[in-house]
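Input: a single structure, listed below in structure tokens.
The values are calculated or read from the model by the stated rules, or taken from the named source; none is laboratory data. Note that the coordinates shown come from a computational prediction; the quantities given were computed from them, not determined experimentally. Cβ placement follows ideal geometry from the backbone for every residue including glycine, while neighbour counts extend to all protein chains displayed.
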Amino acid sequence: MSEAAKPTNKEMHVKIYAPFKVYFDGQATSVSASNRVGPFDILGNHHSFISLLEPGPVIVREDGKEDFSMNITRGVIHVKADEVRVFLDV
């Protein structure tokens, strides 16, 4: 299997926050959410990405830990260089 075809378990730093509260701040292997096109997943080594989020769950998966999940009403997700930021209530 070529190096490019190997799956990655690379972790990324994820922060989910609103103007006055941090809901999650830590390492994760994936983030799942939905935008106008539909549901999507962010994994390690993801290309830079920004999107408005639709109402529904945002799920953060960590190796060996229970998933963190929260329902949102609106938000923006920004991904760059294995850093994922989810801004809520903006």
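Just for segment 81-90: of the residues that are touching a strand residue (DSSP E or B) at 6+ places or on another chain (Cβ under 8 Å) and more than 18 Å from K21 (Cβ to Cβ), which one is surrounded by the most Cβ atoms within 10 Å (Cβ to Cβ)? It comes out as D82.
Anything in segment 44-78 that is buried (at least 16 other Cβ atoms within 10 Å of the Cβ), within 13 Å of H13 (Cβ to Cβ) and at pLDDT 95 or above? List them, or say none. Once the filter is applied, which keeps residues that are buried (at least 16 other Cβ atoms within 10 Å of the Cβ), within 13 Å of H13 (Cβ to Cβ) and at pLDDT 95 or above, segment 44-78 yields only V60.
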